[in-house]
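Since the structure comes first, as structure tokens, the remarks are kept for the end.
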Amino acid sequence: MILGRSERGKPPVEPVTLKILVAGGFGVGKTTLVGAVSEIRPLRTEETLTEAGRPVDDTSGVEGKHTTTVAMDFGRITLREDLVLYLFGTPGQERFWFMWDELSEGALGAVVLADTRRLEDCFAAVDYFERRGIPFVVGVNCFEGAARYPVDDVRRALDLDDGVPLMMCDARERASVKDVLIGVVEHAMARSADRRQTVTT
């Protein structure tokens, strides 16, 4: 069904729009994830990695990476006729973290992408969303050639609260990414319902 149209005889549906952040370490697949699922051509702010940035851009484990996001990635996906997600991919390097506060304003929730070869790179994103009370799920991007670990082992390594969903995914595959985004929306809605119940009791 085309967005904004509805069945014959029914008024057009005005979709609810929700903002989702995609965060994680340098080279973890944030730009790839946004591009895999966006129904519009994603807005990307990528620049070529340079020799000058070598001391601060650790490419170990992602030696094939030649560009980096310097502001944000932006994409859009319609989950249902009445539900549209706007995706904002955050820059991964520490020198661009000052932008996170601006990007997170009004966000429903977030995806923290993790790479089992460099789990420590996503600690900052996990800490950021925990401190600000923004609901998030962890998506473990299953890179080719990377060792596969049981979900419980990854959860312990990240020291995640039991209530934080952790999902295996492939940032290149639309269906896999869509499952993760649905997980974010469901988790955020459940958190919101819990808070409302706490207030009324």
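Summary table
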item	result
Neighbours by Cβ (under 9 Å, 6+ apart or cross-chain): first from region 72-93, over 15 Å from Ala36 (Cβ atoms); second assigned to a loop (DSSP other than H, G, I, E, B) and hydroxyl-bearing (Ser, Thr, Tyr)	Met72/Thr90; Glu81/Ser6
Only one of Glu39, Glu47 that is under 22 Å from the mean Cα position of the chain (by Cα), surrounded by 10 or more Cβ atoms within 10 Å (Cβ to Cβ) and either modelled with pLDDT under 55 or part of a helix (DSSP H, G or I) (or both)	Glu47
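The values are calculated or read from the model by the stated rules, or taken from the named source; none is laboratory data. Predicted model only: the values in this text are computed from it and were never measured. Heads up, the Cβs are rebuilt from the backbone with ideal geometry, glycines too, and the neighbour counts pull from every protein chain shown.
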